[in-house]
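Data block below; observations after.
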Amino acid sequence: GTLWVATEAGLAKLNPDGQTFTTFRHNPLDSSSLSSDNVFCLFEDKQGYLWVGTLGGGLNRFDRSTQTFSVFKHDPSKSYSISGNVIRAICEDSSGVLWVGTRGAGLNRFDRQSKKFTRFLHDEQDSSSLSHNSIYALHIDKQSNLWIGTQGGGLNKMNQSPTGSYSFTAFQTDDGLPNDV
């Protein structure tokens, strides 16, 4: 029942009076504040957490009970960190897995228990890899398929084998039009 608004000046929440907003902003002196004022996308998961994708500040998880943010940023020294800090899309599959799309750094699967990310990137040598690293849209359909819209690589469908490995099928235009979704 709460209206959340992503803005370039923080995360805004419409107050119960329906007239005013509370705005959450980055405070460099508070590690539990929003990591960047430039908020790009929002997603509320099945557990009631609000996930906030930012432009340059990585991924944030807002905890309503404490009114604080947990921040997940790319760390080049940790292969299990999120792959990039510009978050463009977030969704959750039927198993409760969180998927995060970045600009230029591919797709990420978040393991909530370990707080580690698995990265999926475009590989020129592998036609079953993600077709492009700039993700602009994520969608889970009624059959639990993950669809990935890219900038320049068309539309991708994620395929999971019975052994748990992943591959991608790319759908691209063949009429000379850009493959931006």
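Structure data summary
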read-out: Lys, Arg +1 and Asp, Glu -1 on Cβ, resulting dipole of the range 15-153 about Cα centre, debye, nearest 20; value: 200
read-out: Percent carbon-and-sulfur accessible area, the chain, ignoring ligands, DNA and RNA, probe 1.4 Å; value: 47
read-out: Cβ-Cβ FRET estimate between Thr173 and Gln125, R0 fixed at 25 Å, reported to 0.05; value: 0.60
read-out: Cα-based shape type of the range 103-178, given that a ≥ b ≥ c are square roots of the gyration tensor eigenvalues and the cut on a/c is 1.5; value: prolate
read-out: Given Lys78/Lys115; Lys115/Lys157; Lys73/Lys116; Lys46/Lys115; Lys46/Lys116, the pairs whose alpha carbons are separated by over 23 Å; value: Lys115/Lys157
read-out: Dipole of the range 69-133 [Lys/Arg +1, Asp/Glu -1 at C-beta], most positive-end residue of Phe69, His122, Gly106; value: Phe69
read-out: Percent of beta bridges antiparallel (DSSP, the range 20-175, rounded to nearest 5); value: 100
read-out: Given [x] 1.07; [y] 1.28; [z] 1.02, the label whose value is Cα Rg over 2.2 N^0.38 Å derived from this model; value: [x]
read-out: Cβ-placed point charges (K, R +1; D, E -1), dipole of the range 40-89 about Cα centre in debye, nearest 20; value: 60
read-out: Protection proxy ranking, peptides 84-90, 133-139, 6-12, average beta carbon neighbours within 10 Å, highest first; value: 84-90, 133-139, 6-12
read-out: Nonlocal amide H pairs with Tyr136, under 5 Å, H built at 1.01 Å; value: Gly149, Thr150, Gln151
read-out: Charge dipole (debye, nearest 20) of the range 2-70; +1 at Cβ of Lys and Arg, -1 at Cβ of Asp and Glu; value: 100
read-out: Value of relative contact order over the chain, rounded to a whole percent, pairs C-alpha under 8 Å and six or more apart; value: 11
read-out: Heavy-atom surface of the chain, accessible at 1.4 Å and reported per residue (Å²); value: 54
read-out: The range 111-152 shape via C-alpha gyration tensor axes, a/c threshold 1.5; value: oblate
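The values are calculated or read from the model by the stated rules, or taken from the named source; none is laboratory data. Since the model is a prediction, treat every value here as computed from it, not as a measurement. So basically every Cβ, Gly included, is an ideal-geometry build from the backbone, and we count neighbours across all protein chains shown. Accessible surface is based on the protein model in full, side chains and every heavy atom, while ligands, DNA and RNA are left aside. Shrake-Rupley method; radii C 1.70, N 1.55, O 1.52, S 1.80 Å.
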